[in-house]
Amino acid sequence: MFRRLLRPLIWLSGIAALLITLFVLPHFVRIDAFKPQLQARLGASIGREVVIDGPLRFSLLPQPRLTIEGLNVGSVPGTESAHLLDARSVDLTLPWHRLILGVFIPSHVDLDGPRVRLEGGTGGLPNWQFEQFTDGRMDYLTIRVRNGIFNHAGALLVSTHVELSGVVTTDGVLRAAGTATINDVPVHSQITLRLMASDEAPVEAHLDLPGGHLDFKGWPGELSTKSPAHGHLAGETNSAPEFFQSLVRLTGRKPLQIDREFVRQVKFESDFAWGGKALDLAAFKIALDDEQVRGDLHLQNGPLLVVNGRFSMQALDADRWLSLMRARPILVPPIAAGDSTSDWMSEIRASLDIEIGRLRYRQGVLRDLSVALSIASGDLDVRELRAILPGDFLIHRREGHLNGPDGLIELEGNNFRQTLHWLGVDVENIPSNRLNSFRLNATTVPGRQELRLIDATFSIDDQVGALTADVSLGVQMIVEAQVEMPRLDLDAYRITSTSISETKKEPQAQSRSMEVPAIFGLNLAIGEVYYRGAPARNVVAQVGLQGSDAAVHMISARDVVGASLEFSGLVSNFGTAPRYDFRFNATANDADRLLAWSGLPRFMNGRLGPAIVAGRATGTLAAADIERLSITMLDTTVVASGRLRFGEMLDYEFPSFVMESRDMGTLVAA
């Protein structure tokens, strides 16, 4: 029985002795003596200088492990830092089967507290890529990083608290996953790095950021003009404000946040090149909620922000975006009014080409919009513009051939009433055979955030004229125009009480297209204005139009059936059911002719002669309230207030009536 127990005891004793030997042996070996050979061996395997500053520790149990304190891996010529890697400590796990064969290649590497500086060198390769990586006998290598710090592009991107685990394959490809904080943004990443020089993209990364994710495949470069980051970039978010803020912080810029009401879902992809101050996006695709835009974009930051781009969209709801912009600022917090960036157009030089199939603007649809514009020194130059406005109204602006930045514009439409309605001008009760056709030809020159029209000729129906105008297109279109016409026939456009009653329309009912109507400021000079069958000559007017309301700042006519006439006031709903409030004064050489022309009561004998008239009239086409009507004629002054009712027969009532005369006989005889 003793012999049966002896053999297992011998085996156990041998194993125990072997384990004790493996445990004790490393303590009797001066492992630091092998430091020069280890530095040379590690350096030869990656083709870089390797320096070990601290002591070495070696253990055989439970698995051979070599601990290196203070490991430095050299960089390449031309970099600012002498080292690619400084690690507080490195643990190398050595497989038994390799160690027995004398192969000193680890199967696992633990890096504790590494500081990695990623830079480009003068040899064309970044310092993190190697001409060689192993001697060809490595199967695979697992690697783990704890509490690392990575600097890229001169500390423009700083990653701290780096925790990574991954595998390096025999062909020098590192596939790792982990977490980090990049420029104070928490990031979960999956990264593939080609550590050996190759024609393939050396970096593939999937980054999960607060609010969304980014996918990158390409060359990281140094984010400089000579060595830009370039490749393919894609991303997606369902929380655009949070994602946008993460991206801004990730690039090292001041934190900005867009308002949550503007956009929530964003999906994009693009080929790109980013050189620090320059960004190029090629063949990009961006989906904002349910809208998509494609194109190319170049941004160059410097004393001026240079923007060159081409954009195309199938559809754009500008009403939605403008409504949001009116309600709240895009960025939170908004730019202060006194901030130097508030005059942003003066700090931009831009050239943009935009194509939109269907643009929803002012609750109407513009079709086939194509525009090429430039911005320089705060001036907007629309080089090319073509669109079909509501009412099949064609607008075409193109560059001209004169000296300087100018061009030509053509407007043409045969359903001008619908176009006016889209602009917020309701003309329903103006005779239907009027305001149908419109033509305009003009030369255009750029202005500061506006478009200027000069040498313009136009026709409305059979009325013709010339004008110059400044047009500002934005949240609200504003037109300031100087208009000259030889003749205007107002009789053809007169609204009657009958036409108002036939429509049976509430005058205040307005469509949503009139919520922000365009503003027109008109200075008019008209040779002859025909009204009630007679001409008013040398008419000068200053009128402001917004929607269906008119502010008549001044209308002056030097010859209205022998009288000079001036009046000013307000008219609401002038195209449907006019309601007015006017102050007027007139000087007539023949008061009888003036009364007959205006449709007011005439004196029996018709010998009034000269007269001066002034007063205020408020009302509609059906009736007018007259306040302090003052008439001076035949040495008599009459001051009256009352009411006029217009119809087949004029009905008037003046309960307030005061007369002063030096000779009543003369007045009675008239």
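Computed from the coordinates by the stated procedures, all read-outs in this text should not be read as laboratory data. Note that the coordinates shown come from a computational prediction; the quantities given were computed from them, not determined experimentally. Here the Cβ positions follow ideal geometry from the backbone for every residue, glycine too, while neighbour counts run over all protein chains shown.
What net charge is computed for the residues neighbouring Asn436, neighbours being all others with C-beta under 11 Å from the C-beta of Asn436, Lys and Arg scored +1, Asp and Glu -1? Walk me through the intermediate numbers first.
Numbers: positive: Arg417, Arg434; negative: Asp461, Asp462.
Summing Lys and Arg as +1 and Asp and Glu as -1 gives 0.
Taking just the alpha carbons, could you work out the radius of gyration and Dmax for the stretch 266-329, both in angstroms?
Both quantities, over Cα of the stretch 266-329: 14.0, 36 Å.
Could you compute the net charge surrounding His230? Neighbours are other residues with a C-beta less than 10 Å from the C-beta of His230; K and R count +1, D and E count -1. Before the final figure, lay out each step's value.
Details: positive: none; negative: Asp271, Asp280.
Spelling it out: positives minus negatives among the neighbours equals -2.
Using θ = phi - 60° and the Karplus relation 6.51 cos²θ - 1.76 cosθ + 1.60, list the HN-Hα couplings for the stretch 526-531 in order, rounded to whole Hz, with x at every Gly or Pro.
Whole-Hz 3J(HN,Hα) from phi for the stretch 526-531: 10, x, 9, 10, 8, 9.
Count the net charge of all other residues whose Cβ sits under 14 Å from the Cβ of Leu297, scoring Lys and Arg as +1 and Asp and Glu as -1.
Numbers: positive: Lys285, Arg294, Arg310; negative: Glu269, Asp271, Asp280, Asp296, Asp353.
Result for the neighbourhood of Leu297: -2.
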